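K.L.:
If you scroll down you'll find the structure; I have some questions about it.
The values are calculated or read from the model by the stated rules, or taken from the named source; none is laboratory data. Just so it is clear, the model here is predicted, and its values are computed rather than measured. So basically every Cβ, Gly included, is an ideal-geometry build from the backbone, and we count neighbours across all protein chains shown.
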Amino acid sequence: MLMLIASAACLGLLYVSPAGAKLRARMHWSLDDLRGGARLILWRDSLRMAMGRPLLGYGPETFTAQFPPFESVELSRAYPDFYQESPHNMFIDALTSHGLPGALSCWRSARSGCGPRERTPRWPPGSPRRSSASNSWC
C-alpha cells in the first residue's frame with residue numbers, strides 16, 4: 001500500500017512539474033476530444049486502403065503518398081489540419097505496407113513474445129527449479 005501511495009505522489013509531482021508539460025498537454029487534448037481523436041476514423045479508412053492491395057500492400061514508408069485518395073470526407077472535415085503520416089496502429093501499418101503476409105508476420109512476432117516460456121516444466125515434482133520455471137513469463 002505504501003508503494004502505491006508513493007507512486008501516486010511521484011506521478012502527481014511529475015504532473016505539476018515543468019517536466020510534466022507534455023503529460024498535461026496530452027491530458028488536456030484527451031479530455032477535449034472524448035471520441036479518441038482521428039484514430040478510429042483513420043483506422044477505418046486505412047483498412048479500406050489495405051483492401052485495395054491485400055496481398056502485397058503499397059510498400060514500406062508510402063502511407064503519406066498513397067493515403068489521400070482513401071481519406072474519407074468525414075476524416076478530412078473533422079480534422080482538416082492533421083497530416084496523416086501513418087495509421088497509428090502497427091498491425092494496420094503492416095497490412096497497408098506489406099499486405100496480409102506482413103500483417104500476419106507482425107502479429108506472429110508480437111504474439112511470440114507473450115505468455116509462458118515453458119508450459120510444462122521438465123523437472124521432477126518438488127524440485128526447486130520447477131516453481132521458478134512455471135512462473136517464468138516474458
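K.L.:
Kindly evaluate Y83 against the criterion of being under 30 Å from Y15 (Cβ atoms) and of a type in the set (F, W, Y).
P.N.:
In short, yes.
K.L.:
Taking Q84 and the conditions (1) surrounded by 13 or more Cβ atoms within 10 Å (Cβ to Cβ); (2) at pLDDT below 90; (3) part of a helix (DSSP H, G or I), which numbered condition does it fall short on, given that it satisfies the others?
P.N.:
All conditions pass for Q84, except number (3).
K.L.:
Is it true that S30 is in contact with a Gly (Cβ under 9 Å, 6 or more places away or on another chain), among the polar types (S, T, N, Q) and either in contact (Cβ under 8 Å) with a residue 40 or more places away in the chain or in a helix (DSSP H, G or I) (or both)?
P.N.:
Spelling it out, S30 is indeed in contact with a Gly (Cβ under 9 Å, 6 or more places away or on another chain), among the polar types (S, T, N, Q) and either in contact (Cβ under 8 Å) with a residue 40 or more places away in the chain or in a helix (DSSP H, G or I) (or both).
K.L.:
Follow-up question, since we're still on this one. Just name the residue that is farthest from D32 (Cα to Cα) out of those in segment 60-81 that are part of a helix (DSSP H, G or I) and of a type in the set (A, V, I, L, M, F, W, C).
P.N.:
A65
K.L.:
Only one of these is in a loop (DSSP other than H, G, I, E, B), under 30 Å from L104 (Cβ atoms), in contact with a Gly (Cβ under 6 Å, 6 or more places away or on another chain) and free of Cβ contacts under 8 Å to residues at least 60 places away in the same chain: G57, G37. Name it.
P.N.:
G57 is the lone residue from the list that is in a loop (DSSP other than H, G, I, E, B), under 30 Å from L104 (Cβ atoms), in contact with a Gly (Cβ under 6 Å, 6 or more places away or on another chain) and free of Cβ contacts under 8 Å to residues at least 60 places away in the same chain.
K.L.:
Looking at this structure, is P101 assigned to a helix (DSSP H, G or I), modelled with pLDDT of 90 or more, touching a Leu at 6+ places or on another chain (Cβ under 8 Å) and surrounded by fewer than 16 Cβ atoms within 10 Å (Cβ to Cβ)?
P.N.:
Considered against the rule, which asks whether it is assigned to a helix (DSSP H, G or I), modelled with pLDDT of 90 or more, touching a Leu at 6+ places or on another chain (Cβ under 8 Å) and surrounded by fewer than 16 Cβ atoms within 10 Å (Cβ to Cβ), P101 comes out as yes.
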